[in-house]
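Below: one structure, written as structure tokens.
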Amino acid sequence: MTSSPRLASLARPAPPPPAAAARCELCGGGLPDEHRHVADVEARTLLCACRSCVVLLARPGAGGRHFRLVPERVVRLDGFRLGEEHWASLRLPVELAFFFRSTPAGRVVAFYPSPLGATESQLELDAWQTLEDENPILRELEPDVEALLVDRARGAREHFLVPIDRCYELVAMIRAHWRGLAGGPQVWDEITQFFERLRAQARTEAA
């Protein structure tokens, strides 16, 4: 016995629904694959922004105290001064970390990537002030949207001034690929590639 075309069509699984188009998280408009981010300062989150919202928020004061457009500059800091003793005084349990001025906290905060996401570390303000005095470029960090990214893992000694979204890109990548106690070879390959891309995009300035 042969089945009818109608019955055969009913027996086939339904095709998956089309993926919803990405939307700007500020205005709801269409969002291109390549897009900028905006920091919601009060909620301490990053939002995907369309070109129109980027143009609007690029104007000084357009976002008030609520929204800040994440900048794009990536700077490799040449001659950055951070010795072993000073690093120890920052009281970080790992050798990858980022620091930024948090408006809600009213101070500089320190985070490090972990298998659970971004983990905040208690930062001694005196230790940061000394670091800033020795590296004046740190005074140029835009609050909430730019960070000092430090890589001392596996013998590295690199320091970058980066948009805050690059730090959370690193956090998400480590969380996605971490395996076991030490992370596994895949996550370290991903970390290596991340910093290779960062170097390729960065300009170099004296700290």
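Listed values, structure above:
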{"read-out": "Residue that is over 21 Å from residue 126 (Cβ atoms), modelled with pLDDT of 90 or more and in contact with a helix residue (DSSP H, G or I) (Cβ under 6 Å, 6 or more places away or on another chain), where the choices are 94, 70", "value": "70"}
{"read-out": "Residue among 153, 182, 127, 200 that is loosely packed, with under 12 Cβ neighbours inside 10 Å, in the same structural domain as residue 81 (by TED's automatic domain parsing), modelled with pLDDT under 95 and of a type in the set (A, V, I, L, M, F, W, C)", "value": "182"}
{"read-out": "Some residue of the range 44-53 being part of a loop (DSSP other than H, G, I, E, B) and modelled with pLDDT under 90", "value": "yes"}
{"read-out": "Filtered residues of the range 152-201 (kept if over 27 Å from residue 85 (Cβ atoms) and acidic (Asp, Glu))", "value": "165, 169, 189, 190, 196"}
{"read-out": "Unique match (being surrounded by fewer than 17 Cβ atoms within 10 Å (Cβ to Cβ) and under 27 Å from residue 175 (Cα atoms)) among 158, 85, 142, 132", "value": "158"}
{"read-out": "Residue list for the range 64-99, restricted to those being in contact (Cβ under 8 Å) with a residue 24 or more places away in the chain, over 20 Å from the mean Cα position of the chain (by Cα) and part of a loop (DSSP other than H, G, I, E, B)", "value": "65, 79, 80, 81, 82, 90, 91"}
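The values are calculated or read from the model by the stated rules, or taken from the named source; none is laboratory data. Everything quoted here is computed from the prediction, not taken from an experiment. Note that each Cβ is placed from the backbone with ideal geometry, even for glycine, and that neighbours are counted across all protein chains shown.
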